1. Tilt of helix 68-81 relative to the longest C-alpha principal axis of the chain, in degrees (0 to 90, nearest 10)?
2. Using the beta-carbon distance between ILE199 and ASP423 and R0 = 45 Å, what value does 1/(1 + (r/R0)^6) give for FRET efficiency, to the nearest 0.05?
3. Which of rounded, prolate or oblate describes the chain when judged by the alpha-carbon gyration tensor and an a/c cut-off of 1.5?
4. Expressed as a whole percentage, what fraction of the accessible surface of the chain belongs to carbon and sulfur atoms when a 1.4 Å probe is rolled over the protein heavy atoms?
5. Taking the Cα of THR351, stepping 7 Å toward and past its beta carbon, and measuring to each backbone N in segment 214-248: which are under 16 Å?
6. Starting from the 7 Å offset along Cα-to-Cβ, what nm value, one decimal, do you get for the label separation of LEU241 and LEU256?
7. What does the net charge come to around LEU193 if you take all other residues with beta carbon closer than 15 Å to its beta carbon, with K and R at +1 and D and E at -1?
8. If Lys and Arg each add +1 and Asp and Glu each add -1, what is the summed charge of the other residues whose beta carbon sits under 15 Å from the beta carbon of GLU285?
Amino acid sequence: MITSPIFTTDKTAEMITPKVARDYIEKHDKYEMPRLTMLDNYYCGRQHICDRRKSDDMLCNNRVMINHAAYIAKFTSSYLIATPVSYSGKDDTDITAITDCLSYADSSTQDADLALDAAIFGRAYELIYMDADSRPKFARITPLSAFVVYDDTVEQNPVFAVYYYPVFEPGKSTPECFKCQLMTDMITQDFELTSNFGIKSEGEIISHYFGKVPLNEIYNDGQRQGDFEQVISLIDAYNTLQSDRVNDKEQFVDSLMYIKGQILGETDDEKAETYSDIQRNRVVELSQDGEIGFLTRQFDEASVEVLRKSIVTDIHKISGVPDMSDESFAGNASGVAMKYKLLNLEQITKTKERYFTEGLRYRLECFSNIIGIKGGHIDPKLIDITFTRSLPQNELELSQVVATLDGKVPQETLLSLLPFVKDPQSAAEELRQQKQDAIVTQQQMFMNTPLASCLLYTSDAADE
């Protein structure tokens, strides 16, 4: 795994203490937190346009925020993991113990949360722990409060991890202290830091039996970038453009009135009284040569719309997320045309899937170690992890493919193409049994017909 130099260490596990962890917490808070906080703000809708100010308070200052960041993160994470991950054993390996643990821990919900975090922050964390019933579970930890430190070998093995969060007194905006937990592959230890990262207290060292650092880091890609991180400048440009369009409309409505060839008063007080009278009665009396009108600013709406569409196109092109409002998108009914539309997203998701699989396998290794201590044995390397894309399927097209290949391809393989078939092997066995039952039924029906009786009589006579 590739990681930042500030999160690598050559220290052995025996040398990892709260003091060492404190140094890395300071680095995380200084170097990583500004970027992670910015990504979190963009996803939550606290974007740059929301802070825009005008030098003149009289000018229109609409701040329109269209949350492309949330749209992209939700789309990519759902495309990857909306359909729960499935697990199967190679060579008929019994993985019941693992699947029972995953079901108990509600892994499908956890996976969805982790995929969304990875799409936002470029990384996701889950804390693996033993619950009150001594069963392994996991909990999602926000990347704003955790990090993993790796060694400086080419394998980038986890050395230790830290989970920390601020504690605030009521009514205060600065933290009173930081609650922290240090984790290695053998122990966990709680400790507290002061608001300026000084050691306040250290807790008891507690052993665990996961055999690995129990904070699992899942990468989004090799650079640990969020899915919308590279289009933030385009998102800002789009928000600014839309805000200015609304400002122009509002200023157009509030345009200035001009009166030509008419005097509305000799003094300022008389003019002010006349202005109030016009506003109140909605009537203006003009002389024969008088003229009234409004000062309006002309703007090219067509050119602005072209610019808007160009920015939207760039956002979807760079992020790889298709524009579902594109009229030509839904018109591509064939599976091949749909796949071409989603080709860029599919390539990005393949990368996300590889890193997510690596994180899930780390989880399985921790669970397998616990199962081994309890007397069981599961080899995580013999477990297949399968992702299923959350895509609309052309069932008519798939059924035609299945019908065409019937007799040329094994039934299990054909049935696996149909999205409504959950267990192809069981479905194929059931289909074979149905065919066998149909043959037996037809034989019984034939034996009860007059022709069958005649053939049977003729056969008996020939034997005599």
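1. So the inclination is approximately 0 degrees.
2. Working: r = 56 Å, r/R0 = 1.23.
According to the calculation, E is roughly 0.20.
3. On the way: a/c = 3.49, a/b = 1.39, b/c = 2.51.
Here the chain falls in the oblate category.
4. Values: 14380 of 27190 Å².
Ligands and nucleic acids excluded, carbon and sulfur give 53 percent.
5. 219-232
6. Using points 7 Å along Cα→Cβ, the separation is 3.0 nm.
7. Working: positive: LYS19, ARG22, LYS27, LYS30, LYS179, LYS200; negative: ASP23, GLU26, ASP29, GLU176, ASP190, GLU192, GLU202.
Combined, the nearby Lys, Arg, Asp and Glu give -1.
8. Working: positive: LYS260, LYS271, ARG280, ARG282; negative: GLU270, GLU273, ASP277, ASP289, GLU291.
Surrounding charge for GLU285 is -1.
The values are calculated or read from the model by the stated rules, or taken from the named source; none is laboratory data. Model, not experiment: these values are computed from the prediction. Backbone-built Cβ (ideal geometry, glycine too); neighbour counts: all protein chains shown. Keep in mind that these areas ignore ligands, DNA and RNA; they rest on the heavy atoms of the full protein, side chains included. Shrake-Rupley method; radii C 1.70, N 1.55, O 1.52, S 1.80 Å.
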